[in-house]
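> Here it is: the structure, laid out below.
The values are calculated or read from the model by the stated rules, or taken from the named source; none is laboratory data. In this text, all values refer to a predicted model and were calculated from it rather than measured experimentally. Counting neighbours? That spans all protein chains shown, and the Cβs are built from the backbone with ideal geometry, glycine included.
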Amino acid sequence: MVKIYLTRHGQTEWNLQKRMQGWFDSPLTQEGQQAAIALGRRLAQIPFSAIYASSSGRTVDTAKFICCERQIPIFFKQQLREINVGEWQGMTDSEIKRTYPEQYHHYYNHPTEYKSEEGETFEDVLQRVLPVIKDVIEDYEDDEPVLIVTHAVVKKLLIAHFQNQSIDHVWDPPFIHGTSLTVLHLKKNGDVHFECIGDTEHMQKQNS
């Protein structure tokens, strides 16, 4: 089984502003950079065969901070980008809630009913991400470690999918902090084993 280390990009300026990013982008904060570096130290002894990262700037930078000086092949994939929330992108959480109350309610309470006028559904995102995961499973050997650097919704969708839960469970705990680590073993026959989900040990050491 391939061993996937799954993480989210570090904290960004728009995260601090509670501004929706989606396919838009904003730079990592200093805290976000330091958390990515701390994750890199935590994973320094893992002999990664490859890193797959979303093509968004915040994930590209996070992957590079994790890598530091290590010579690991990095593949940037548009399929691993965050959910495209269309008309919401660039808006603050309070602006979205006020302007699109029904959409907002569905997004956080009934994700299967969420529809965007200009963007994607949660199902759209899952269906574009899964082929990348399938390729990773097929291209790497048993216990070969691969790092995937992506976004909150993508990570939550993958966790729900591999726990055989519906998309309506996508916001179930735990909360996925920036650079939190999820490790799962995926067999070619479909068997899945989670080693940890949303672990933030490296961030706690960083702040201690």
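> Taking Ile176 as meeting all but one of (1) closer than 20 Å to Glu195 by Cβ; (2) part of a helix (DSSP H, G or I); (3) hydrophobic (A, V, I, L, M, F, W, C), write down the number of the exception.
(2)
> For Ile148, all conditions in the list (1) touching a Leu at 6+ places or on another chain (Cβ under 7 Å); (2) assigned to a helix (DSSP H, G or I) hold save one; what is the number of the exception?
Result: Ile148 fails condition (2) only.
Matching residues to (1) modelled with pLDDT of 95 or more; (2) surrounded by 13 or more Cβ atoms within 10 Å (Cβ to Cβ):
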{"residue": "Lys155", "(1), (2)": "yes, yes"}
{"residue": "Phe162", "(1), (2)": "yes, yes"}
{"residue": "Pro173", "(1), (2)": "yes, no"}
{"residue": "Ser180", "(1), (2)": "yes, yes"}
{"residue": "Gly190", "(1), (2)": "no, no"}
{"residue": "Glu195", "(1), (2)": "yes, yes"}
{"residue": "Asn207", "(1), (2)": "no, no"}
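> Further, regarding this structure: May I ask you to verify whether Tyr104 is in contact (Cβ under 8 Å) with a residue 60 or more places away in the chain, over 22 Å from Glu195 (Cβ atoms) and not in a loop (DSSP other than H, G, I, E, B)?
no
> Working only within the range 129-165, note down all residues that are within 16 Å of Ser180 (Cα to Cα) and of a type in the set (Ser, Thr, Tyr).
If the condition is that a residue be within 16 Å of Ser180 (Cα to Cα) and of a type in the set (Ser, Thr, Tyr), then Thr150 is the only one that fits.
> Can you tell me how many residues within the range 56-87 are part of a helix (DSSP H, G or I), of a type in the set (Gly, Ala, Ser) and touching a residue at least 60 places away in the same chain (Cβ under 8 Å)?
2
> A further question follows. Would you pick out the residues in the range 133-145 that are surrounded by 13 or more Cβ atoms within 10 Å (Cβ to Cβ), of a type outside the set (Ser, Thr, Tyr) and not in a helix (DSSP H, G or I)?
Just the residues of the range 133-145 that are surrounded by 13 or more Cβ atoms within 10 Å (Cβ to Cβ), to begin with: 133, 135-137, 140, 144-145.
Right, trim to of a type outside the set (Ser, Thr, Tyr) and you get 133, 135-137, 144-145.
Answer for the range 133-145, where residues must be surrounded by 13 or more Cβ atoms within 10 Å (Cβ to Cβ), of a type outside the set (Ser, Thr, Tyr) and not in a helix (DSSP H, G or I): Glu144, Pro145.
> Can you go through Arg58, Arg41 and tell me which one is of a type in the set (Lys, Arg) and crowded, with 19+ Cβ neighbours inside 10 Å?
Only one candidate qualifies: Arg58.
For (1) surrounded by 16 or more Cβ atoms within 10 Å (Cβ to Cβ); (2) over 17 Å from the mean Cα position of the chain (by Cα), each residue gets a yes or a no:
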site: Ile74; (1), (2): yes, no
site: Leu80; (1), (2): yes, no
site: Met91; (1), (2): yes, yes
site: Lys97; (1), (2): no, yes
site: Pro101; (1), (2): no, yes
site: Glu117; (1), (2): no, yes
site: Glu120; (1), (2): yes, no
site: Pro131; (1), (2): no, no
